[in-house]
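Asks: Here's a structure for you.
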């Protein structure tokens, strides 16, 4: 992926332990919404999970009965995915040059990864490998705490300490960007809200898993110490109630799903 790649893999490889330990999962409603838009169940569908990371979305798709190929540029991330999911078909690669034949899959997914790609290139690759009526689904968990002082203090701190970071960095017209490519017949956007409870030490490990937190560099421990103090002011029992907004964008090719032909 454009900015997530390094010469040897992924910028997330050095963060793989923290990523595997504390990254949040995704609501099952995402898959129900994809099935509705796709017009077929995911059970038995051929799915590619691009930027699969440690396999959070991959395992969710497999639990739904999909036949999943994981595509991940980082060897360390891929190693953790395979350790957690033995026997999973997986390859090193990225969404701008998918290692797949044309017209061979029903669904291409990007969980927490689409913002790293060159959209016209990656959208063209997804359209190429999809069968008629297939879909590209991209989704994200974003912390939904803009009205909370602890989150605003965190964002102020990140904007001071992390080079180039802006709290609105993922605020983009994702659906319009996909429409503008001209590949898709229908583009649908859905959102949902949920929350999790996470202990403060795990919360700080989750912070370490973020590329823009790692970019703080030599001042990282100072950042994390300030975070601990700030977050414990809001959650003195040490259990963080973290709200999320999940954004799902599904872009469907013309035609009907193969199972409905």
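No value in this document is a laboratory result; all are computed from the given coordinates. Quantities reported herein were computed from a predicted structural model and do not represent experimental measurements. Glycine also receives a Cβ, built like all others from the backbone with ideal geometry; neighbour counts cover every protein chain displayed.
Asks: For region 47-103, what is the per residue volume of the convex hull drawn over the alpha-carbon atoms, in cubic angstrom?
Replies: Values: hull volume 4.1 nm³, N = 57.
Expressed per residue, the convex hull around the Cα atoms of region 47-103 is 72 Å³.
Asks: Mind sorting 211, 146 by how few other Cβ atoms lie within 10 Å of their own Cβ, fewest first? Could you put the intermediate results ahead of the total?
Replies: Values: 211 16, 146 12.
With the sparsest Cβ surroundings first, the list reads 146, 211.
Asks: What is the Cα centroid distance between region 143-175 and region 206-253, reported in whole angstrom?
Replies: When both Cα centres are located, 10 Å separates them.
Asks: Extension gain residue 211-residue 177, at 0.36 nm per residue separation less the Cα-Cα distance, in nm? Before the final figure, lay out the partial values.
Replies: Details: separation 34, 0.36 × 34 = 12.24 nm, distance 2.40 nm.
Gain in length upon complete extension: 9.8 nm.
Asks: Using alpha carbons only, how many degrees (0 to 90, rounded to 10) separate the axis of helix 149-161 from the longest principal axis of the chain?
Replies: Relative to the chain, helix 149-161 is tipped by roughly 90 degrees.
Asks: Hey, what angle do you get for helix 119-129 against the long axis of the chain, alpha-carbon based, 0 to 90 degrees rounded to 10?
Replies: With both axes taken from Cα atoms, the answer is about 40 degrees.
Asks: Still on this structure, please answer the following. Which percent, to the nearest 5, of DSSP beta bridges fully inside the chain are antiparallel? All intermediate terms of the calculation are to be shown ahead of the outcome.
Replies: On the way: 24 of 41 bridges.
Among the beta bridges of the chain, antiparallel pairing accounts for roughly 60 percent.
Asks: Separate question: In whole Å, what three semi-axes, largest first, describe the equivalent ellipsoid of region 148-203 built from its Cα gyration tensor (square root of 5 times each eigenvalue)? Present the calculation step by step, with values, prior to reporting the outcome.
Replies: Working: eigenvalues 200, 66, 17 Å².
Working through the eigenvalues yields semi-axes of 32, 18, 9 Å.
Asks: Sticking with this one: Kirkwood hydrodynamic radius of region 181-261 from all distinct Cα pairs, in Å? All intermediate terms of the calculation are to be shown ahead of the outcome.
Replies: Working: mean 1/r = 0.0616 Å⁻¹.
Hydrodynamic radius (Kirkwood, Cα only) of region 181-261 equals 16.2 Å.
Asks: Can you pull the semi-axes for the chain, root of five times each eigenvalue of the Cα gyration tensor, sorted largest first, whole Å? Kindly include the intermediate steps, with their values, before the conclusion.
Replies: Details: eigenvalues 210, 72, 62 Å².
In descending order the semi-axes read 32, 19, 18 Å.
Asks: Relative contact order for region 23-148 using alpha-carbon pairs under 8 Å, separation at least 6, rounded to a whole percent? Spell out each step's value before the answer.
Replies: On the way: 212 pairs, mean separation 30.7, N = 126.
Normalised by residue count, the contact order of region 23-148 is 24 percent.
Asks: What order, most packed first, do the peptides 97-110, 128-141 have when packing is the mean number of other Cβ atoms within 10 Å of each residue? Before the final figure, lay out each step's value.
Replies: Values: 97-110: 18.9, 128-141: 22.7.
In descending order of packing, they fall as 128-141, 97-110.
Asks: With a bin width of 10 angstrom, please list the P(r) values of region 108-158 as percents of all Cα-Cα pairs, from the 0 bin to the one holding the largest distance.
Replies: 21, 33, 22, 17, 6
Asks: If you don't mind, another one. Given the -39500 (n - 2.57) contribution per DSSP H run of 4+ residues, what per-residue ellipticity at 222 nm results for the chain, rounded to the nearest 500 deg cm²/dmol?
Replies: Details: 10 runs with 94 residues, N = 261.
Helices in the chain give a 222 nm mean residue ellipticity of -10500 deg cm²/dmol.
Asks: Could you give the angle, 0 to 90 degrees to the nearest 10, between helix 220-234's Cα long axis and the longest principal axis of the Cα atoms of the chain?
Replies: It is inclined by approximately 80 degrees.
Asks: Show me the ranking of peptides 63-70, 193-200, 154-161 by mean Cβ neighbours inside 10 Å, starting with the highest. Don't jump to the answer; show the numbers that get you there.
Replies: Numbers: 63-70: 20.0, 193-200: 14.2, 154-161: 16.0.
Peptide ranking by packing, descending: 63-70, 154-161, 193-200.
Asks: Over region 11-120, what lengths in whole Å, largest first, do the semi-axes of the equivalent ellipsoid take, defined as the square roots of 5 times the eigenvalues of the alpha-carbon gyration tensor? Could the numbers behind the result be given before it?
Replies: Values: eigenvalues 89, 53, 37 Å².
For region 11-120, the ellipsoid semi-axes come out as 21, 16, 14 Å.
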